[in-house]
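Chemist: Right, I'll just put the structure down here and ask away after.
The values are calculated or read from the model by the stated rules, or taken from the named source; none is laboratory data. Note that the structure is a prediction, hence the values are computed from the model and not measured. Neighbour counts run over all protein chains shown; Cβ positions are idealised from the backbone, glycine included.
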Number of protein chains: 2
Amino acid sequence: MKLYTYFRSSAAYRVRIALHLKGLAFESVPVHLLRDGGQQHAAGYAAINPNETVPTLDDNGQILNQSLAIIEYLDETHPNPPLLPGSAADRARIRAIAQIIACDIHPINNLRVLQHLTRTFDLREAQKAEWYCHWVERGLQTVEKMLASDPRTGRFCHGDTPTLADCCLVPQVFNARRFGCSLAGLTTVERICAECDELDAFARAAPARQPDAE
Amino acid sequence: MKLYTYFRSSAAYRVRIALHLKGLAFESVPVHLLRDGGQQHAAGYAAINPNETVPTLDDNGQILNQSLAIIEYLDETHPNPPLLPGSAADRARIRAIAQIIACDIHPINNLRVLQHLTRTFDLREAQKAEWYCHWVERGLQTVEKMLASDPRTGRFCHGDTPTLADCCLVPQVFNARRFGCSLAGLTTVERICAECDELDAFARAAPARQPDAE
């Protein structure tokens, strides 16, 4: 398998965690989102990812886009350990936590939105950080409420093994720290991230450990 | 089943389509996103949806949030007709199309982001519409490329029966038209939406047909 990735992309980071949790070997193909006007926009890459974003997974010629779709595919093709364990209702809860991060926090803050905001409204760095942290803090507070109020939360977001929800949570919290957002009150979120940090799969997926890390 | 919905919410619209495709009866509970400072923020609703968004599905006491997670749940608990048919790769493609809409177009443009943009940057209506259409047009062009270039596209986004991808596409195109965005070049997208319009499930889910329509 080949993963088209950028060390700092939190969507690529999610898939890296999932690949390592599944124990799957993969080759990292770096796509530098800032260099050459954004290598994700180059014709060769756009041909395999019309959205011009990372990650893309090439599974023996099968080309897959969008991080959550890729992780669901990995979970269907390599069921152990399961990243969506339990009943339909359990799986719905895991997906809902993942989607609050992947739909309601991350896309509003990713590079292309920040670039467009800066160009269109002529933002200063401080305003950009304020925009970023507004959505991250609001979104992670929601995740904290979901985790703290539900007996299905265990050592990890759902039960005592890592799931799709943890694959999304850890990269988002990593980014929140990088941008200096407040993590005040996120007791359960921080406890779970500390649990994940103990696992080799999460450690190996971290931005600093990637071949393209700067 | 009870669906907490707002007639104009495109996330709620997706779930309404899925429920009708599955032939499931449900009671609509309107949550007015603009009235009373946003009924989604009321304590009673926030208790069942900590993200304070619609939709929420109450399936006999089982509370479910996030539209794609809800549709996956419906597909697992009521498998016929399947909204994620085929192989793991087929399902990954259907999910990727759905997620480009649900992650990369809609969240940047939904009510809470537009409200925050307007408050923070003091936008005029024309600037708001420009922001909206920028992301919708870019995103739908991506979907068009994915659909037009892939032999797996059929009468609908994936094959000849409606899937999760169509549940997401139709509401997004509805909103694009409502905001006056350009649909230039979206030949496949428009053809598929016209196919969907022929089906009773899509017609019954449309905003104008909801009990809370204005």
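Chemist: Determine whether residue A:67 is more than 9 Å from chain B (Cβ to nearest Cβ) and either small (Gly, Ala, Ser) or in contact (Cβ under 8 Å) with a residue 40 or more places away in the chain (or both). Break it down into steps so the answer makes sense when it comes.
Modeler: Working: more than 9 Å from chain B (Cβ to nearest Cβ): no; either small (Gly, Ala, Ser) or in contact (Cβ under 8 Å) with a residue 40 or more places away in the chain (or both): yes.
Answer is no for this residue.
Chemist: How many of the residues in the stretch B:7-29 are under 12 Å from the mean Cα position of the chain (by Cα) and outside any helix (DSSP H, G or I)?
Modeler: Applying the first criterion (under 12 Å from the mean Cα position of the chain (by Cα)) to the stretch B:7-29 yields B:7-18.
Those still in the list that are outside any helix (DSSP H, G or I) too: B:7-9.
Residues that pass the stated criteria total 3.
Chemist: If you don't mind, another one. Of a type in the set (A, V, I, L, M, F, W, C), over 19 Å from the mean Cα position of the chain (by Cα) and at the interface with chain A (Cβ under 7 Å from one of its Cβ atoms): does that describe residue B:46?
Modeler: Details: of a type in the set (A, V, I, L, M, F, W, C): yes; over 19 Å from the mean Cα position of the chain (by Cα): yes; at the interface with chain A (Cβ under 7 Å from one of its Cβ atoms): no.
Answer is no for this residue.
Chemist: Which one of A:58, A:104, A:75 is among the acidic types (Asp, Glu) and within 8 Å of chain B (Cβ to nearest Cβ)? Before the answer, list the steps.
Modeler: Details: A:58 fails: within 8 Å of chain B (Cβ to nearest Cβ); A:75 fails: within 8 Å of chain B (Cβ to nearest Cβ).
Sole residue among the options that is among the acidic types (Asp, Glu) and within 8 Å of chain B (Cβ to nearest Cβ): A:104.
Chemist: Pairs please, first residue from the stretch A:180-199 and closer than 14 Å to residue A:161 by Cα, second anywhere and assigned to a helix (DSSP H, G or I) and not aliphatic (A, V, I, L, M), Cβ atoms under 8 Å, 6+ apart in sequence or on different chains.
Modeler: A:192/A:166; A:196/A:166; A:196/A:202
Chemist: Could you list, ordered by first residue, the pairs with Cβ atoms under 8 Å in which the first is in the stretch B:36-50 and farther than 15 Å from residue B:2 by Cβ and the second is among the acidic types (Asp, Glu), at least 6 apart or interchain?
Modeler: B:38/B:52; B:40/B:52; B:41/B:52; B:42/B:36; B:46/B:52
Chemist: Something else now. Quick check on this structure: which one of B:120, B:142, B:188 is of a type in the set (S, T, N, Q), more than 21 Å from residue B:11 (Cα to Cα) and either assigned to a loop (DSSP other than H, G, I, E, B) or modelled with pLDDT of 95 or more (or both)? Lay out the reasoning, then the answer.
Modeler: Values: B:120 fails: either assigned to a loop (DSSP other than H, G, I, E, B) or modelled with pLDDT of 95 or more (or both); B:142 fails: more than 21 Å from residue B:11 (Cα to Cα).
Testing whether each residue is of a type in the set (S, T, N, Q), more than 21 Å from residue B:11 (Cα to Cα) and either assigned to a loop (DSSP other than H, G, I, E, B) or modelled with pLDDT of 95 or more (or both) leaves just B:188.
Chemist: Still on this structure: Of a type in the set (Asp, Glu), surrounded by 21 or more Cβ atoms within 10 Å (Cβ to Cβ) and either more than 17 Å from the chain's Cα centre (by Cα) or more than 14 Å from every other protein chain (Cβ to nearest Cβ) (or both), is that true of residue B:166?
Modeler: Working: of a type in the set (Asp, Glu): yes; surrounded by 21 or more Cβ atoms within 10 Å (Cβ to Cβ): yes; either more than 17 Å from the chain's Cα centre (by Cα) or more than 14 Å from every other protein chain (Cβ to nearest Cβ) (or both): yes.
In short, yes.
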